[in-house]
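A.B. asks: Questions regarding the structure given below will be posed in turn.
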Amino acid sequence: MTTLPVIAVVIPCYNEAEALPVSAARIRGILMSLADSGEISNDSYILCVDDGSGDGTWGVIEKLAADGEHIAVRGIALAHNRGHQYALLAGLNEAALTCDAAVSIDADLQDDPEAIVEMIRRFREGDEIVYGVRASRDTDTHFKRNTARAFYKLQNMMGLETVYDHADYRLMSRRALEILGQYREHNLFLRGIIPQIGLSHSIVTYDRGTRVAGESKYPLRKMLSFSIDGITSFSARPMRWIFGTGLSLLVIDVLISIYVLVALISGTAVSGWSSLMLSVWFLGSLILIAIGIVGEYIGKIFIEVKDRPRYNISKRAGY
Ligand code: UDP
Ligand code: MG
């Protein structure tokens, strides 16, 4: 790299008026020292995305943007609250126009901002995507830790490729950002999409802390619906399981039929029982198979409707 890279740090903010002044100052300090030591361009900046906050977050952003420090703070505000994933996407799309790489980080500094230094080093060595991965979850409650683990397992079982213990703290090169821009789906689950982009990547580990200020905007209810979104936006596997269950029931149906016929012939069956048993099992498995087949088609439609890019080119030679 001949010129120094312009780094954008994108911070989605929802009601973070308390935390943002602290976190922006901390992140700015890190960017300033990287710029001073000649590792990143002085044009690097922080981009705060106000996700329809109602607590004066925008005022905080405007104040930061106007303070004239040599690492600029910029802001964009969404017209209303759209959720963390959309706020982040808005920021990344915006940053893709003017940066060489963007780091996304939450406003609460739960993700150690010092890891940005290592992410940028990896980027300068040629990695296009650098995932921040938690080294430990000591500061999470026992409950949050275990439910999170269970969801990773469930998602992997469902065929969703994610990076273990990675939230949305990561660096993406401009090229990765441009490819991300081609994923046009509305049910956003960035953690699932970004591994699909491919490109050279690596992992930086850090310790996860507690919030600097304010409280979590992700109660269990939102976490649950987020995980279900993750699975259903990526995998048609649950439908295939219905089909599989139908087939297995058909096999069991054969065994039950033999049992029922033996009972009928040996005269131990109550009248009417045999025909009911046979039809309940047979029809039950037929219905599940039929739903499974319909599901296969819906699965195909689901993939087509997403209209994701069919491939991403990682290298070219002879140009
Ligand atoms: N956030 C957002 N929109 C929302 C909810 C959250 O932009 O609707 C931001 C929030 O300001 C923070 C990040 O997403 O920067 C992560 O949220 P939080 O720290 O509350 O989640 P947790 O770490 O508890 O899972
Ligand atoms: Mg947090």
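A.B. asks: Assess whether residue 300 counts as being surrounded by 13 or more Cβ atoms within 10 Å (Cβ to Cβ) and of a type outside the set (A, V, I, L, M, F, W, C).
C.D. replies: no
A.B. asks: Hey, another quick one. Yes or no: residue 33 modelled with pLDDT of 95 or more, in a helix (DSSP H, G or I), more than 26 Å from residue 192 (Cα to Cα) and within 16 Å of ligand 1 (Cβ to nearest atom)?
C.D. replies: Taking the combined requirement at face value, the residue does not satisfy it.
Table: residues versus (1) of a type outside the set (D, E, K, R); (2) under 26 Å from residue 295 (Cβ atoms).
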site	(1), (2)
206	yes, no
209	yes, no
212	yes, no
217	no, no
244	yes, yes
249	yes, yes
253	no, yes
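A.B. asks: Could you please give the count of residues in the range 82-102 that are within 16 Å of ligand 2 (Cβ to nearest atom) and in contact with a Gly (Cβ under 9 Å, 6 or more places away or on another chain)?
C.D. replies: 1
A.B. asks: Would you check which residues across the range 201-237 are more than 26 Å from residue 103 (Cβ to Cβ) and in contact (Cβ under 8 Å) with a residue 60 or more places away in the chain and list them?
C.D. replies: Scanning the range 201-237 gives 220, 231, 235, 236, 237.
A.B. asks: Give me a count of the residues in the range 121-171 that are surrounded by 15 or more Cβ atoms within 10 Å (Cβ to Cβ), part of a loop (DSSP other than H, G, I, E, B) and of a type outside the set (S, T, N, Q).
C.D. replies: The number of residues fulfilling the criteria is 8.
A.B. asks: Please go through the range 36-71 and pick out each residue that is more than 16 Å from residue 5 (Cβ to Cβ) and either of a type in the set (Ser, Thr, Tyr) or in a loop (DSSP other than H, G, I, E, B) (or both).
C.D. replies: Matches in the range 36-71: 51, 52, 53, 54, 55, 56, 57, 66, 67, 68, 69, 70.
A.B. asks: Right, something else. Just checking, which of 271, 248 is assigned to a loop (DSSP other than H, G, I, E, B) and either more than 16 Å from ligand 1 (Cβ to nearest atom) or surrounded by 16 or more Cβ atoms within 10 Å (Cβ to Cβ) (or both)? Before the answer, list the steps.
C.D. replies: Values: 248 fails: assigned to a loop (DSSP other than H, G, I, E, B).
Only one candidate qualifies: 271.
A.B. asks: In addition: Can you confirm whether the range 72-86 contains a residue that is within 16 Å of ligand 1 (Cβ to nearest atom), within 22 Å of residue 23 (Cβ to Cβ) and touching a His at 6+ places or on another chain (Cβ under 7 Å)?
C.D. replies: no
For (1) modelled with pLDDT under 95; (2) in contact with a helix residue (DSSP H, G or I) (Cβ under 9 Å, 6 or more places away or on another chain), each residue gets a yes or a no:
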{"residue": "56", "(1), (2)": "yes, no"}
{"residue": "69", "(1), (2)": "yes, yes"}
{"residue": "83", "(1), (2)": "yes, yes"}
{"residue": "93", "(1), (2)": "no, yes"}
{"residue": "104", "(1), (2)": "no, yes"}
{"residue": "145", "(1), (2)": "yes, no"}
{"residue": "149", "(1), (2)": "yes, no"}
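A.B. asks: Among the residues of the range 202-221, count how many are within 16 Å of ligand 2 (Cβ to nearest atom) and among the polar types (S, T, N, Q).
C.D. replies: Looking only at that region, the number is 2.
A.B. asks: Any idea which of (1) under 27 Å from residue 176 (Cβ atoms); (2) at pLDDT below 85; (3) part of a helix (DSSP H, G or I) is the one residue 302 doesn't satisfy?
C.D. replies: (2)
A.B. asks: Given (1) in a helix (DSSP H, G or I); (2) more than 29 Å from the chain's Cα centre (by Cα), where does residue 239 come up short, assuming only one miss?
C.D. replies: (2)
A.B. asks: Just checking, which of 259, 206 is within 25 Å of residue 136 (Cα to Cα) and modelled with pLDDT of 90 or more?
C.D. replies: Result of the check over 259, 206: 206.
A.B. asks: Now for a different question. Report yes if residue 263 is of a type in the set (A, V, I, L, M) and under 30 Å from residue 186 (Cβ atoms), otherwise no.
C.D. replies: Against the criterion (of a type in the set (A, V, I, L, M) and under 30 Å from residue 186 (Cβ atoms)), residue 263 does not qualify.
A.B. asks: Another question, if that's okay. Looking only at the range 194-238, count how many residues are polar (S, T, N, Q), buried (at least 16 other Cβ atoms within 10 Å of the Cβ) and within 16 Å of ligand 1 (Cβ to nearest atom).
C.D. replies: Residues meeting the conditions: 1.
A.B. asks: Okay, next question. Residue 224 - would you say it is part of a helix (DSSP H, G or I) and more than 16 Å from ligand 2 (Cβ to nearest atom)?
C.D. replies: Working: part of a helix (DSSP H, G or I): yes; more than 16 Å from ligand 2 (Cβ to nearest atom): yes.
Considered against the rule, which asks whether it is part of a helix (DSSP H, G or I) and more than 16 Å from ligand 2 (Cβ to nearest atom), residue 224 comes out as yes.
The values are calculated or read from the model by the stated rules, or taken from the named source; none is laboratory data. Because the structure is a prediction, the values reported are computed rather than measured. Cβ atoms come from the backbone with ideal geometry, glycine included; neighbour counts cover every protein chain shown.
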